[in-house]
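One structure is given here, and the rest of the page talks about it.
The values are calculated or read from the model by the stated rules, or taken from the named source; none is laboratory data. Quantities reported herein were computed from a predicted structural model and do not represent experimental measurements. Don't worry about glycine lacking a Cβ; one is built from the backbone with ideal geometry, like all the others, and counts go over all protein chains shown.
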Amino acid sequence: MKLVIKGTVQGVGFRPTVYRVAKNLGLKGYVKNKGSEVEVVIDGKVKEFLKKLKDDLPPLAEISYIERYEHEVSRDDFEIVESSSGGRESSTIPVDTALCDDCIHEMKDKHDRRNDYPFINCTNCGARYSAIYSLPYDRDKTSMEPFPMCEDCLKEFESPLDRRFHAQTISCPRCGPTYTLYDKKKRKMGGIPEFCILLESGDIAVAKRWGGMHITCKLEKIPDLRDKYSRKEKPFAIMVRDVETASRYADIQREDVLTSPRRPIMLLEKKDQKKESLDHVAPGLPTVGIMLPYTGLHHLIFEMTDLDALVMTSANQPGEPMIMKNKKAFELNLDYFLLHDRKIANRVDDSLIRAHGKDLALIRRARGYVPEYLKFEENTVMGAGADQSGCIALSKDGKLYPSQYLGDLGVYENKYFYKNTFEHLSSLIGVDDIMGVGVDLHPKYQSRKLGMKYAWEHDAEVFEIQHHWAHGASLMLEYDLDEIVCIAVDGTGYGDDGNSWGGEILYCDREKYQRMYHLEYFSLLGGEKAVEDPGRLAYAAEKKAEGKSDIFQGKKARIFDKMMSDSVKTSSYGRLLDAVSYVLDVCSKRTYEGEPAMKLETLLYQGDANKKYHVPMINGEIKTLKAFAEMKNDPLRRKDKALSYITSVSEALAKCAILSAEKKGTEFIGISGGVSYNRPIVKIIKGYLRERGYDMLVHKKVPNGDMGVPVGQAFIASSRT
């Protein structure tokens with residue numbers, strides 16, 4: 001019998017497990033990696049073999065389905081035979097995962113030959129996607145190719161009973177990569193022990209990991225890091241020693257995710273007693289990003305120091321992608337650099353996740369999650385994505401592969417990253433011909449231009465897809481729906497009337513969408529300038545509502561008044577939150593994306609919704625601005641009027657969603673877009689809907705924000721090809 005097994009079966013110890021099961025059952029035949037699948041030939045006991053195989057699957061392996069064919073066996077034993085390229089169809093590429101407990105134990109064992117060795121790994125853990133150049137997953141197709149195995153490693157690699165049997169990236173201090181510490185003049189200063197001494201003494205340094213580099217220092221040095229790195233307000237992620245340490249800093253929701261092999265950064269709510277001490281880590285925010293060690297280097301740092309927490313933020317020039325190459329690291333204005341001599345095949349940032357109770361909201365989908373796929377249709381399409389959080393989605397053979405986070409595509413280096421990712425992902429999953437490409441409506445989006453370029457190269461049809469329709473479609477794909485009423489709330493999305501949308505109630509299906517309701521328009525004074533200066537938003541909102549405003553006076557007010565009628569209008573909930581943040585003295589200037597709205601969330605946690613503001617619906621427009629002006633001048637405590645106003649607006653959106661669902665005869669209401677990361681807002685809307693008999697659908701596998709847009713674009717494009 002020949003069994004063709006598909007799923008996550010490469011680089012995860014699958015073939016050694018097949019070998020051991022077959023040998024224990026006394027079977028004859030072979031197991032072979034064919035690039036896109038694993039082929040197993042056995043001479044009997046098929047049912048028993050499959051049951052035992054499924055029971056003994058390695059931690060990272062997953063079987064999607066099995067094909068069976070009659071086949072003669074002409075072998076006297078069971079063997080693992082050499083890989084063949086086979087087809088690339090349906091290949092499942094393993095993700096990077098944190099070190100397993102067995103490897104950590106060996107690394108800490110002073111009598112083990114891999115004691116204190118930072119590149120330790122086995123078939124159950126370690127770098128995968130970040131190290132793979134092409135399939136099948138063999139050593140010569142990874143960044144370990146320049147490091148031939150020593151005799152001891154080769155013996156482990158060839159022993160079917162060893163945990164490292166056919167582990168393509170294994171090495172040891174004799175034959176593997178090495179870390180070297182440099183100063184800014186590129187002089188060698190030692191290795192990991194010397195690096196740890198510098199960290200403890202307060203130095204700020206770069207440390208290279210599997211899929212990129214971190215800037216790291218102890219928490220007390222954050223003010224110096226902000227000066228050096230020109231990040232005055234943007235929050236930093238921190239890495240802590242263990243779960244117990246994390247629980248001292250923050251309230252842990254979903255510990256299972258924090259400690260999982262994926263090891264994402266989790267946005268956790270600061271503990272009350274730690275809020276002041278963590279304010280320099282995440283200024284003005286109710287949350288802090290925390291992750292646990294996941295590489296050998298990380299574990300060694302905490303083993304060799306008394307530190308409980310370190311800043312671990314991506315190493316890059318402002319706006320540019322994370323650094324991969326050693327020589328590029330020296331361009332950063334820092335003093336020390338801990339670099340290794342293994343190349344990075346694929347750049348992958350740390351993934352970022354927020355928990356909404358038991359639900360997970362993916363903010364940045366990268367290490368540990370990419371290149372996992374979503375179930376899809378059989379055709380081959382592309383979603384070109386949006387610009388602020390660049391991402392590509394490619395489909396092949398019933399699977400849709402969203403890429404890792406690609407950054408702001410307005411930056412040239414990120415466009416280059418986009419192109420490289422498209423080429424590499426296409427090669428890995430076997431995309432040779434694309435039938436359709438979904439692009440955003442925004443005429444200036446780089447993602448649109450790049451998507452149209454690939455459509456031209458592949459002679460594919462281009463489908464222009466409105467931004468918030470794509471958000472709704474991503475929910476439809478995730479829940480396998482034909483229609484949905486989507487509460488699409490974010491900072492911006494090009495509307496089909498030429499205005500900036502972002503507070504929308506849309507009815508969506510795969511062929512069309514209908515804008516049922518939207519938040520009241522007000523002017524974006526100066527376009528992107530208004531996004532950077534929330535005072536302009538507040539002025540425009542109050543001026544439209546009241547015909548006057550005291551936010552600006554004199555010459556500036558006269559200039560803004562002249563701009564009012566000619567400016568692009570916005571219905572964005574994100575921009576409305578920015579305006580609220582400004583008038584409540586929470587944030588007067590945006591220094592990073594989403595800052596005013598994110599800082600406003602702190603007030604929303606603290607306030608009481610003890611007043612109802614009147615937010616009527618007139619001709620499809622949810623009138624928010626009269627209530628905004630009333631709220632601004634209300635004598636209530638600012639935290640109470642913040643929550644009261646946001647509750648009034650959010651419940652108006654929820655009410656309109658119900659009216660839309662009733663009109664369209666659907667029971668499905670969901671929420672998507674960047675504002676749906678705001679936990680208080682989601683709680684308000686979900687509660688309003690639940691009280692009236694509706695369950696609100698939220699994202700579980702697709703990012704809420706613009707990284708989810710290419711998923712929706714691909715879903716809509718697929719229905720039209």
Worksheet item: Somewhere in segment 239-251, is a residue β-branched (Val, Ile, Thr), outside any strand (DSSP E or B) and either assigned by TED's automatic domain parsing to the domain that holds Asp585 or touching a Ser or Thr at 6+ places or on another chain (Cβ under 8 Å) (or both)?
Response: yes
Item to complete: Considering only segment 624-672, state which residues are of a type outside the set (D, E, K, R) and without any contact (Cβ under 8 Å) to a residue 12 or more places away in the chain.
Response: Asn633, Pro635, Gly665
Worksheet item: Right, Met312: closer than 21 Å to Asn346 by Cβ and modelled with pLDDT of 95 or more or not?
Response: yes
Worksheet item: Does segment 80-88 contain at least one residue that is surrounded by 13 or more Cβ atoms within 10 Å (Cβ to Cβ), in contact with a helix residue (DSSP H, G or I) (Cβ under 7 Å, 6 or more places away or on another chain), at pLDDT below 95 and in a loop (DSSP other than H, G, I, E, B)?
Response: yes
Practice prompt. Mind telling me which of the residues Phe195, Phe147 ends up being in the same structural domain as Lys228 (by TED's automatic domain parsing) and closer than 18 Å to Trp210 by Cα?
Written response: Phe195
Discussion item. With the structure loaded, tell me whether Ser389 is closer than 22 Å to Gln466 by Cα and either surrounded by 23 or more Cβ atoms within 10 Å (Cβ to Cβ) or not assigned by TED's automatic domain parsing to the domain that holds Gly212 (or both) or whether it fails that test.
Written reply: yes
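If I ask for residues that are part of a helix (DSSP H, G or I) and closer than 18 Å to Trp210 by Cβ, which ones from segment 289-310 would you list? Can you show your working first?
Restricting attention to segment 289-310, the residues satisfying the condition of being part of a helix (DSSP H, G or I) are 296-304.
Listed by number, the residues that qualify are Gly296, Leu297, His298, His299, Leu300, Ile301, Phe302.
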Worksheet item: So which residues in segment 357-387 are touching a Leu at 6+ places or on another chain (Cβ under 6 Å) and outside any loop (DSSP other than H, G, I, E, B)?
Response: Ile363, Arg364, Leu374, Met382
Practice prompt. Considering only residues that are within 35 Å of the chain's Cα centre (by Cα) and part of a loop (DSSP other than H, G, I, E, B), look in segment 619-662 and name the one that is surrounded by the fewest Cβ atoms within 10 Å (Cβ to Cβ).
Written response: Gly620
Fill in: Pairs where the first residue, in segment 415-430, is within 21 Å of Thr142 (Cβ to Cβ) and the second is aromatic (Phe, Trp, Tyr) and not in a helix (DSSP H, G or I), C-beta under 6 Å, 6+ apart
Ile429/Tyr401
Practice prompt. Specify the residue that is nearest to Cys587 (Cα to Cα); the eligible residues are those in segment 264-288 that are among the charged types (D, E, K, R) and in a loop (DSSP other than H, G, I, E, B).
Written response: Asp279
Fill in: Tabulated pairs, segment 110-133, first free of Cβ contacts under 8 Å to residues at least 24 places away in the same chain, second assigned to a loop (DSSP other than H, G, I, E, B), C-beta under 6 angstrom, 6+ apart or interchain
Asn115/Asp109
Worksheet item: Right, His468: farther than 23 Å from Thr380 by Cβ, out of contact with any Pro (no Cβ under 9 Å at 6 or more places or on another chain), modelled with pLDDT of 95 or more and in a helix (DSSP H, G or I) or not?
Response: yes
Worksheet item: Out of segment 501-542, which residues are closer than 26 Å to Ile716 by Cβ and among the polar types (S, T, N, Q)?
Response: Gln514
Fill in: Of residues in segment 19-57 being free of Cβ contacts under 8 Å to residues at least 24 places away in the same chain, more than 38 Å from the chain's Cα centre (by Cα) and exposed (fewer than 15 other Cβ atoms within 10 Å of the Cβ), the one nearest to Val4 (Cα to Cα)
Lys47
Worksheet item: Restricting to helices (runs of 4 or more DSSP H) lying wholly in segment 500-590: which have 2 or more residues that are without any contact (Cβ under 8 Å) to a residue 40 or more places away in the chain and of a type outside the set (Phe, Trp, Tyr)?
Response: 528-532, 534-546, 554-564
Response to the item:
Quick count over segment 298-330, residues being of a type outside the set (S, T, N, Q) and within 30 Å of Ser134 (Cα to Cα), is 15
